[in-house]
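The values are calculated or read from the model by the stated rules, or taken from the named source; none is laboratory data. Since this is a predicted model, take the numbers as computed values, not measurements. Because the Cβ atoms are built from the backbone with ideal geometry, glycine has one as well, and the counts that use them run over all protein chains shown.
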Amino acid sequence: MRRVLCAGCFAVVLVVGGQARADWTTRCGRGRVATVGDLSWEVLTVCGDPDHQDRRVVQRAIAQRWPGRAAEVALVSVTVERWIYDDGPDRLVRVLTFEDGRLVRIETRGFGRR
């Protein structure tokens, strides 16, 4: 009974671990990989031009706290880009989000349409 329980726990760890890792990397052409933290020019080199791209600038409030002083709030501008890769109806669409030129999120959506 104990062996079955341990084997079941190991299987859950493998499944959950595999899903979590997919959010940190994406495989592009010829086995090359883009990873969260990469710069936009590195992803462009590995994955090529996206099928769609949008860019916007957002304002974010950053709180700075110092001992013995009131918190100071500063507004900073962050450039957010979304690159969409659609590799056709037999592959999932990938959405890559960059903030100030650095890859911060990788999402997969439904199957492509090209």
| field | Hey, GLY112 surrounded by 10 or more Cβ atoms within 10 Å (Cβ to Cβ) and modelled with pLDDT of 90 or more or not | value | no
| remark: Output for Cβ contacts, cut-off 6 Å, separation at least six or different chains, first residue under 30 Å from VAL46 (Cβ atoms) in region 67-88, second outside any strand (DSSP E or B) and not charged (D, E, K, R), reads TRP83/PRO50; ILE84/PRO50; TYR85/PRO50; ASP86/GLY112; ASP87/GLY112; GLY88/GLY112
| remark: Restricting attention to region 40-51, the residues that are more than 12 Å from LEU96 (Cα to Cα) and either aliphatic (A, V, I, L, M) or surrounded by 13 or more Cβ atoms within 10 Å (Cβ to Cβ) (or both) number exactly 3
| field | Residues that are touching a Leu at 6+ places or on another chain (Cβ under 8 Å) and without any contact (Cβ under 8 Å) to a residue 24 or more places away in the chain, drawn from region 43-66 | value | GLN59, ARG60, ALA61, ILE62
| Filter pass, GLY37 being in a loop (DSSP other than H, G, I, E, B), exposed (fewer than 12 other Cβ atoms within 10 Å of the Cβ) and modelled with pLDDT of 95 or more | yes
| query | Taking strands (runs of 3 or more DSSP E) that fall entirely within region 48-114, which contain at least 2 residues that are closer than 18 Å to TRP24 by Cα? | reply | 72-85, 92-99, 102-111
| task | Could you please let me know if VAL13 is at pLDDT 95 or above and part of a helix (DSSP H, G or I)? | result | no
| request: Test THR79 against the stated conditions and say whether it is at pLDDT below 95 and within 21 Å of the chain's Cα centre (by Cα). | output: no
